[in-house]
Each structure stands twice: as C-alpha cells, then as structure tokens.
C-alpha cells in the first residue's frame with residue numbers, strides 16, 4: 001500500500017495586522033460613576049478585552065465627585081492634606097494587549113506659597129510603570145505639549161511651571177498586562193498642599209499577537225489511521241493544542257488535545273494519531289490555547305484516507321494555484337466550482353508526486369477537486385481562505 005505524505009506550511013492567523021482598540025472612560029459600559037474607586041470595563045474591542053481600573057492610596061484626598069470622567073479621560077482632582085500622600089491607578093488588561101498608549105494631562109506646578117519659604121502650593125508628580133506578567137516594562141514618555149511645563153526623567157513627570165495645562169504622551173511597546181500610574185507631589189511643596197489635579201486620557205491598544213510561532217502542520221495517512229504532526233519554533237505562555245476534525249471544512253469537532261511547552265524559544269515537535277479517520281477527505285485544524293484563555297485557530301489541512309491504497313491531498317497555495325499530491329502514476333485532475341463550472345486551466349508537474357493546478361478565473365469560497373483513478377472518481381472540497 002502506497003501512502004502520500006501531506007505537507008502544509010502555515011502560520012497562525014494572529015501574525016496578521018492587529019486592530020486598534022480604545023477605552024473611553026466616559027462612554028464605555030456607561031462611563032465612570034462619580035466618586036467610584038474602581039470599575040471593570042468589559043467587551044472592549046475585538047477580541048473582547050476586559051479592562052479593570054482600581055484606585056488606591058490616599059483616596060480621602062479626592063475632591064467632591066472625584067474621580068470622574070470628563071471630555072479628555074478620567075479626571076483626578078485632589079486636596080491632599082500632606083505632601084507625602086499619593087494615589088495609585090492600576091489598569092489591568094485581560095487578555096493581555098499590545099502597544100498601549102494614552103495621554104497624561106495637566107502635570108504642572110502651583111504658585112509659590114505665601115510667606116517667602118520658597119515652597120510651592122503643589123508640584124504634580126506622576127510615575128508610570130507597566131508589566132507583562134512578571135516582567136517590568138518601561139514606558140516612552142513624550143515631552144510636554146507646552147515647553148517648560150514639566151520635566152520628564154525616565155518614567156517620572158514632574159511639574160515645573162504654573163497653570164499651563166500641558167499634555168504628555170505615554171506609550172508601551174510589545175505585550176502589556178498592566179499599567180500603573182502613581183500621582184503624588186514632587187519636591188519643595190508646602191506641608192499641606194493646595195488643590196491640584198491631573199487627567200488620565202482614554203487608553204488605546206492593539207490586540208496582542210498570540211505568542212506561538214507555528215511553522216508546519218502535516219498529515220500522514222496510513223493503514224487504519226492518520227498521524228498529524230506540527231512544529232513550533234517559539235512559544236510563550238502556551239498551555240495546549242486542541243485537535244479538531246471536519247468532513248466539510250466548515251463544522252469542526254474536537255477529537256483530542258496535546259499539552260504545549262509553555263514558554264520556550266526552542267523548536268518543538270508534536271504528534272497526534274487519529275485512530276478513526278473517515279473514508280475520504282478528513283479536514284484538520286489546530287486550536288492553540290494560552291494559559292490566559294486566549295486562543296487562535298490554524299487554517300485547515302485536508303488529508304485523504306482511502307482503504308484501497310490510493311491517496312491524494314491538496315490545498316490552495318495561492319489564490320489561483322492548488323498544490324496537489326497523489327500516489328496515482330498518471331493522475332487525471334478536474335476542478336469545478338460549486339455551480340459545476342470548470343476552473344482548471346493547466347496542470348504543471350512539480351516533481352514525482354506533486355502538481356500545481358492553475359485555476360481561471362479566481363475561485364470563490366468553495367471549490368471541488370476531482371481525481372479520476374482506476375477505481376473511480378475521488379472528490380474533495382477546498383475552502384478558499386485567501
């Protein structure tokens with residue numbers, strides 16, 4: 001019995017373009033309740049992201065109805081009773097996101113206090129940090145929109161001028177799970193500071209790419225079984241691979257799973273045996289799941305299983321090219337649309353068992369491939385995912 005090795009090289013769909021997301025403190029989930037110290041915004045963007053915002057520290061220093069949303073973000077107007085008091089705003093993303101950015105408004109300095117002490121009524125000081133799990137992240141902080149309004153040293157913004165309403169842009173590159181914004185007074189402030197305040201701007205981000213690099217997914221038809229094999233070259237926070245099978249490439253069911261390597265930068269090889277393949281075409285795909293619940297699915301591969309020993313497999317390698325592999329010595333291919341219209345323009349032999357089937361015109365969503373053998377006509381459906 002001759003068996004055909006099916007090889008399909010692919011990457012997870014998450015390697016594509018990331019879609020920008022945005023949390024508007026005033027409009028998402030009904031906005032921020034005046035005076036509340038926490039809120040969880042759910043279902044933000046696609047994929048849906050939950051954003052938890054929690055404020056801790058000297059929260060007794062908030063002015064009436066503060067914190068509260070405004071036209072520019074989340075306002076935090078304070079009346080601290082000591083220059084050592086602070087509040088901390090912690091923003092947590094679930095699942096993790098990528099390339100977070102937002103604005104901090106109005107980090108400035110009050111006027112000199114009366115009495116000639118040389119101290120100021122207040123000096124806004126904001127410290128911004130981030131996390132990717134247990135890994136600390138450093139933000140990029142832009143200069144103030146008003147020259148000289150504040151100074152930026154590392155991840156700390158300190159007010160340097162009076163009543164000038166500056167704006168500083170904050171950004172984190174890469175994967176982010178949490179952002180922490182601490183608001184205090186800087187140096188040289190009177191013991192009981194005056195009224196002061198900042199605004200944390202609306203937060204934007206991109207969906208985080210799934211941290212797994214899948215470089216191949218193969219199917220090996222054999223006697224009474226089909227063996228699947230796939231390979232990764234990088235994994236981060238990867239919990240498991242679920243194996244799904246379908247008869248029509250549309251409706252899939254899970255037939256098993258394999259534990260993943262967690263976090264590794266080394267090449268990993270996985271296998272799974274389908275002990276009960278269906279006669280004809282079997283479609284398989286992988287569902288890769290992270291420890292935080294995020295998941296991604298591969299494009300399906302088609303594996304032909306026939307008890308009589310004749311195997312052939314095919315997938316769409318380009319919008320108008322099907323790569324077909326068969327054990328038939330002189331294959332007779334046909335390609336038609338679901339309406340029965342012929343699509344095959346020419347056949348190009350690549351090597352002993354592989355052929356390029358050139359199509360014209362470009363097929364729609366579903367095409368039907370046929371192979372005429374000594375035992376009859378074998379048909380398979382291919383889903384156009386380009």
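Matching residues to (1) in contact (Cβ under 8 Å) with a residue 24 or more places away in the chain; (2) outside any strand (DSSP E or B); (3) more than 24 Å from the chain's Cα centre (by Cα):
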position: 229; (1), (2), (3): yes, no, yes
position: 235; (1), (2), (3): yes, no, no
position: 260; (1), (2), (3): yes, no, no
position: 263; (1), (2), (3): yes, no, no
position: 330; (1), (2), (3): no, yes, yes
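Of all the residues that make up region 129-151, how many are surrounded by 17 or more Cβ atoms within 10 Å (Cβ to Cβ), over 31 Å from the mean Cα position of the chain (by Cα) and in a strand (DSSP E or B)?
1
Looking for whichever is closer than 22 Å to residue 250 by Cα and under 39 Å from the mean Cα position of the chain (by Cα) here; the options are 338, 350. Which one fits?
Just a single option satisfies the conditions, and that option is 338.
Consider residue 296 carefully, then state whether it is in contact (Cβ under 8 Å) with a residue 40 or more places away in the chain and touching a helix residue (DSSP H, G or I) at 6+ places or on another chain (Cβ under 6 Å).
Taking the combined requirement at face value, the residue satisfies it.
Report the residue count in region 266-293 for those that are in a loop (DSSP other than H, G, I, E, B) and buried (at least 20 other Cβ atoms within 10 Å of the Cβ).
Number satisfying all stated conditions: 1.
Quick check, is residue 154 surrounded by fewer than 18 Cβ atoms within 10 Å (Cβ to Cβ), under 12 Å from residue 100 (Cα atoms) and not assigned by TED's automatic domain parsing to the domain that holds residue 237?
It is false that residue 154 is surrounded by fewer than 18 Cβ atoms within 10 Å (Cβ to Cβ), under 12 Å from residue 100 (Cα atoms) and not assigned by TED's automatic domain parsing to the domain that holds residue 237.
Output the residue which, of all residues in region 33-61 that are more than 17 Å from residue 201 (Cα to Cα) and modelled with pLDDT under 95, is surrounded by the fewest Cβ atoms within 10 Å (Cβ to Cβ).
46
Yes or no: residue 220 at pLDDT below 85 and closer than 29 Å to residue 357 by Cα?
Yes: the conditions hold for residue 220.
Only one of 126, 146, 107 is at pLDDT below 95 and in the same structural domain as residue 57 (by TED's automatic domain parsing); which?
146
Name the residue that is modelled with the lowest pLDDT, counting only residues in region 351-383 that are touching a strand residue (DSSP E or B) at 6+ places or on another chain (Cβ under 6 Å) and in a loop (DSSP other than H, G, I, E, B).
Among residues in region 351-383 that are touching a strand residue (DSSP E or B) at 6+ places or on another chain (Cβ under 6 Å) and in a loop (DSSP other than H, G, I, E, B), the one modelled with the lowest pLDDT is 353.
Got at least one residue in region 107-119 being under 24 Å from residue 54 (Cβ atoms) and under 38 Å from the mean Cα position of the chain (by Cα)?
Checking region 107-119: at least one residue is under 24 Å from residue 54 (Cβ atoms) and under 38 Å from the mean Cα position of the chain (by Cα).
Look at region 166-191 and say how many of its residues are over 35 Å from the mean Cα position of the chain (by Cα) and either without any contact (Cβ under 8 Å) to a residue 24 or more places away in the chain or assigned to a loop (DSSP other than H, G, I, E, B) (or both).
Number of matching residues: 5.
Could you please find all residues in region 62-88 being surrounded by 20 or more Cβ atoms within 10 Å (Cβ to Cβ) and outside any loop (DSSP other than H, G, I, E, B)?
Matches in region 62-88: 62, 68, 69, 73, 74, 75, 76, 78, 87.
The values are calculated or read from the model by the stated rules, or taken from the named source; none is laboratory data. In this text, all values refer to a predicted model and were calculated from it rather than measured experimentally. Cβ coordinates were reconstructed from backbone atoms using ideal geometry, including for glycine residues, and neighbour counts include every protein chain displayed.
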